[in-house]
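The values are calculated or read from the model by the stated rules, or taken from the named source; none is laboratory data. Here the structure is a predicted model, which means the values were calculated and not measured. Don't worry about glycine lacking a Cβ; one is built from the backbone with ideal geometry, like all the others, and counts go over all protein chains shown.
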Amino acid sequence: MTARAWPWLLAWAVLTLAGAVVLGSRDLDRQEEAFQTDARIAHRLLSQRAVQHDAVLAMLALLQPETTPDDPRRRLPAIFPQLLRVERRLQHESWPADLAAQGVAEAEAASRRLRHATTAESGFAGGRLWLVLAAEPASYALQLDLKGMVPAQEWPAALTGAMSVALERDGARFVLNEFVPGPGLRQLAFRKPLASDSQAYEIAIARSVGWADLPWTVLLLWALAVTAVVAAHFRYHSQTRARQRAEELLRLGQATRLNALGELAAGLAHELNQPLTAVMANTQAAGRLLAEDPAEIATARDAMAQAVAQAQRAADVLGRLRRAIGQPGTGEPSAPLRLLDNARHTLDLLEPECRARNVVVQLDGDAKATVVADPVALEQIVHNLVSNALQALECVPEPQRRLEISVLAGQGNAVLRIADSGPGIPADALPRVFEPFFTTRTGGLGLGLSLSETLASSMGGRLAAANSAAGGAVFTLTLPLAAKQ
């Protein structure tokens, strides 16, 4: 991953995390609000049942029904499923032994003192509670099934799941929905007394909201949305930066072109100055010789011939410079030629320089390796590479000066390898040897290798540079082989 991508990755992480925190917090608030709503519904339902029980006892105490086959006390459990038994005690009677054992008598005494119904506490923990109302001439007791106080179809669905629901009073506790909330992101709790003096219990509801309760689908969609937005911005900025870089490179290329033209103009002026001066001198001399009496025609003819030669020399300079800058259409037509013969011809041209430097030259390889190339351009590349190698060999003692040129063919390409035993190319300069105007030689323009690479590319080949393990520089020119006729 590039260093430029790290800020965008950090922005993605921050936005994703911040959005997840906000969305998660809002969902937790929503769940807490829903929890409180369900808890209030449960409290209202239980309070309604408690008031209903008080109303049943008040009705019985008011009507004081006699024991008959159609005694309404017998029909009450069918009407109210949470009523398990309905009992009464006349003033001259006692409560049945099983009721007395459960504290119904004490509850009646407390009801008479408080003047409202009250409960016998002994049955609370077991979920079978006696509610007693003292009245005249008879007192009444209802046995309540605490779990059946609210029918399942009326109970909020959420309270039958991962919630703890219980009734509590004076340290006693009866569980309506068994669940032990564990540790989580948020602990939810609700506690409120029932709206009944006779059944003064507190409903206690608790729930734990954990990681599994978070809206993972929403969080995933948020992460995907942030990813899409950040990726779009990253792409936009990358494209903008690439466009700016291209514009800068274009401006730099234009400036480089102007500098190159300046350098070429200076070289052109230097190269043309001598032949043009010679042309002028010879033509003036020819004019004077012809003006003499008698005219020295033979001598004047020689002067004109020298002027023509110098003019041809100027034309050659211009042609060479045109080929050097690699303008389309200025080179000679491509033709099949043998790479080893071209290298041998170039060595013949540079033989005096090799001899002057005492360089041992070795030339071998596949003599039949034929490529389709511009002869002048190919000769210019090889000439430039061999000239650079000869200059590099001046830095080592004469006994160590060796130049090896070889040609290999295979896999559709021919490779010309030029290796010298010089000091090699500095490691920091090796990646830049083909850059225009980059040179390690004092007084060099830094155009030779750059133009050579351009010429190689124009012929469908490539030029590469490296250092030999044994020392010295190695340049390889790869060109496609000519198709067999």
Where a residue in region 299-318 is within 13 Å of V279 (Cα to Cα) and modelled with pLDDT of 80 or more and its partner, wherever it lies, is in a helix (DSSP H, G or I) and not aromatic (F, W, Y), with Cβ under 7 Å and at least six apart | M304/N282; M304/A286
All-but-one check, G460 against (1) touching a helix residue (DSSP H, G or I) at 6+ places or on another chain (Cβ under 6 Å); (2) part of a loop (DSSP other than H, G, I, E, B), failing number (1)
For residues that are out of contact with any Gly (no Cβ under 8 Å at 6 or more places or on another chain) and buried (at least 17 other Cβ atoms within 10 Å of the Cβ), tally how many sit in region 463-475.
-> 4
If you take the residues in region 379-410 that are modelled with pLDDT under 85 and within 15 Å of L479 (Cβ to Cβ), which one is surrounded by the most Cβ atoms within 10 Å (Cβ to Cβ)?
-> Q380
Tally time: how many residues in region 186-232 are of a type in the set (A, V, I, L, M, F, W, C) and within 29 Å of L45 (Cβ to Cβ)?
-> 12
Would it be correct to say that V56 is without any contact (Cβ under 8 Å) to a residue 40 or more places away in the chain, closer than 18 Å to V132 by Cα and either crowded, with 18+ Cβ neighbours inside 10 Å or in contact with a Leu (Cβ under 9 Å, 6 or more places away or on another chain) (or both)?
-> no
Residue list for region 335-368, filter: of a type in the set (S, T, Y) and modelled with pLDDT of 90 or more = none
Residues in region 402-426 that are touching a residue at least 12 places away in the same chain (Cβ under 8 Å) and farther than 19 Å from A343 by Cα: how many?
-> 6
How many residues does region 82-122 hold that are crowded, with 20+ Cβ neighbours inside 10 Å, assigned to a helix (DSSP H, G or I) and of a type in the set (G, A, S)?
-> 2
